[in-house]
């Protein structure tokens, strides 16, 4: 079974303290929540899936987060530009 996770990049970590990208409230909240441990499935409990996917894509395209997929307890980096959770 696969689970999709996101982690902050150096750009994402910097954005939390600098607020230089002028993210809206929901995007910033999502960026703060992303820690490499909470799955996309768990994040869907916080907002509708369509909204979540749009916000994840925006953060990923801005270089603030990166995707990894866990397979049987192992995480592997996922570097494609499009989202496929």
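Residue count for region 9-51 satisfying the condition of being within 9 Å of the chain's Cα centre (by Cα) and farther than 17 Å from residue 70 by Cβ: 3. Scoring residue 21 on the criteria (1) at pLDDT 95 or above; (2) touching a helix residue (DSSP H, G or I) at 6+ places or on another chain (Cβ under 6 Å) leaves a single failure, condition (1).
Only residues that are assigned to a helix (DSSP H, G or I) and either touching a helix residue (DSSP H, G or I) at 6+ places or on another chain (Cβ under 9 Å) or surrounded by 12 or more Cβ atoms within 10 Å (Cβ to Cβ) (or both) were counted across region 35-56, and they come to 11. Residues of region 4-34 that are outside any loop (DSSP other than H, G, I, E, B) and surrounded by fewer than 10 Cβ atoms within 10 Å (Cβ to Cβ): 10, 17, 18, 25.
The values are calculated or read from the model by the stated rules, or taken from the named source; none is laboratory data. All values derive from a computational prediction rather than experimental measurement. No Cβ is skipped: glycine too gets one built from the backbone with ideal geometry, and neighbour counts run over all protein chains shown.
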